[in-house]
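Below: the structure, in structure tokens.
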Amino acid sequence: MTRMLVSIRNLTLRLPSGGRMLTVLDDVSLDVLAGEALAVAGPSGSGKSTLLGLVAGLDTPTSGTIVVAGAEVTRLGETALARFRRETLGYVFQSYHLIPTLTAAENVAVPLDLAGVSGAPARARELLAGVGLADRGHHYPAQLSGGEQQRVALARAMALDPPLLLADEPTGNLDSATGGAIVELLFALNRDHGTTLLLVTHDDLLAERADRVVSLRDGRVAGERRRATLVP
Ligand SMILES: Nc1ncnc2c1ncn2[C@@H]1O[C@H](COP(=O)(O)OP(=O)(O)O)[C@@H](O)[C@H]1O
Ligand SMILES: [Mg+2]
């Protein structure tokens, strides 16, 4: 039986901008099934990053609801929200967002330490090995290439094995070969591990790997397509 992991209903976000109200998201409704890989595509400024931020509880909508794994995100208190972000979702960004003063292994260990997991350093090394960086644990972010930094970010996002991975233009700063390797890692997680993917991108090559693509335009859902053929 399929079940909904993310359920977004009538989501609207209005923000004051230059003396008037700007509608960033306008009545967006969208579901993500458990185990699905869903891409949200759309031009720059269409509201993709804002949508992901709302799903992660980083921002509060003007109206509408977001339910993730049974939790209504906008109703969570501060403590529950911090726990939700740590345990229910992983988040990777275009610009990696690693902590520059920590090594790769220490970055990956951050969520493990916050959750009080024992043996965090050894687990961090395993996670790095899983993204092909077994020998890079002691390197600082500035000593790593963009693709390596994104691998570290992915290992960190998956450290507590969340059911949902949010990815905001994860290949946006990478050349096509390096970006392609990140895409492979993301879809391997989905296929082999069952992690639900919600990714936003304006990269059509990335979007067309998803099971389903929802297009956003000016903050509204403008269309939806399902992948016609299964890519081996
Ligand atoms: N905090 C904010 N204040 C004012 N405008 C914002 C804010 N956040 C986003 N916007 C505006 O909302 C629109 C959508 O932004 P964004 O979600 O970043 O789009 P995308 O990720 O699709 O490029 C843009 O016009 C952006 O300028
Ligand atoms: Mg964006």
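Just a few scattered comments:
- Surface share of carbon and sulfur [accessible, 1.4 angstrom probe, percent] for the chain: 51 percent
- Per residue, the average separation of C-alpha pairs within less than 8 Å and at least 6 apart gives the chain a relative contact order of 27 percent.
- What the chain shows is 49 Å² of accessible area per residue, with the surface traced by a 1.4 Å probe over protein heavy atoms.
- Of every Cα-Cα pair in the range 13-61, the percent that sits beyond 16 Å: 47 percent
- Rounded if a/c under 1.5, otherwise prolate or oblate - the range 127-178, Cα gyration tensor axes: oblate
- Solvent-accessible surface (1.4 angstrom probe) belonging to THR60, in square angstrom, nearest 10: 100 Å²
- Probe 1.4 Å - accessible area at THR12, Å² to nearest ten: 10 Å²
- Residue-span extension gain [ALA142 to LEU15] - 0.36 nm each, minus C-alpha spacing: 42.2 nm
- Sites ASP59 and GLU87, calculated FRET efficiency, Cβ-Cβ separation with R0 22 Å, nearest 0.05: 0.65
- The eigenvalues of the Cα gyration tensor, multiplied by 5 and square-rooted, give the range 167-220 an equivalent ellipsoid with semi-axes of 19, 15, 8 Å from largest to smallest.
- Sites LEU102 and SER44, calculated FRET efficiency, Cβ-Cβ separation with R0 30 Å, nearest 0.05: 0.45
- Estimated from the Cβ-Cβ distance and a Förster radius of 30 angstrom, the FRET efficiency linking ARG225 and ASP135 is about 0.15.
- For the range 121-207, fraction of C-alpha pairs farther apart than 17 Å, in %: 46 percent
- Mean residue ellipticity (222 nm) of the chain, computed from DSSP H runs ≥ 4 via -39,500 (n - 2.57), nearest 500: -9500 deg cm²/dmol
- Of the three principal axes defined by the Cα atoms of the range 87-232, the extents in descending order read 45, 33, 29 Å.
- Antiparallel content of DSSP bridges confined to the chain, in %, to 5: 55 percent
- Selection of GluC sites (Glu not before Pro), the range 155-232, meeting DSSP coil and at most 16 other Cβ within 10 Å: GLU208
- The fraction of Cα-Cα pairs per 10 angstrom bin, counted from 0 for the range 99-156, comes to 29, 59, 13, 0 percent, rounded to whole percents.
- The trypsin sites (Lys or Arg not before Pro) found in the range 2-85 that occupy coil by DSSP, while having at most 16 further C-beta atoms within 10 Å, are ARG3.
The values are calculated or read from the model by the stated rules, or taken from the named source; none is laboratory data. None of the values given here were measured: they were computed from a predicted structure. Note that each Cβ is placed from the backbone with ideal geometry, even for glycine, and that neighbours are counted across all protein chains shown. All accessible areas refer to the heavy atoms of the entire protein, side chains included, with ligands and DNA or RNA removed. Shrake-Rupley method; radii C 1.70, N 1.55, O 1.52, S 1.80 Å.
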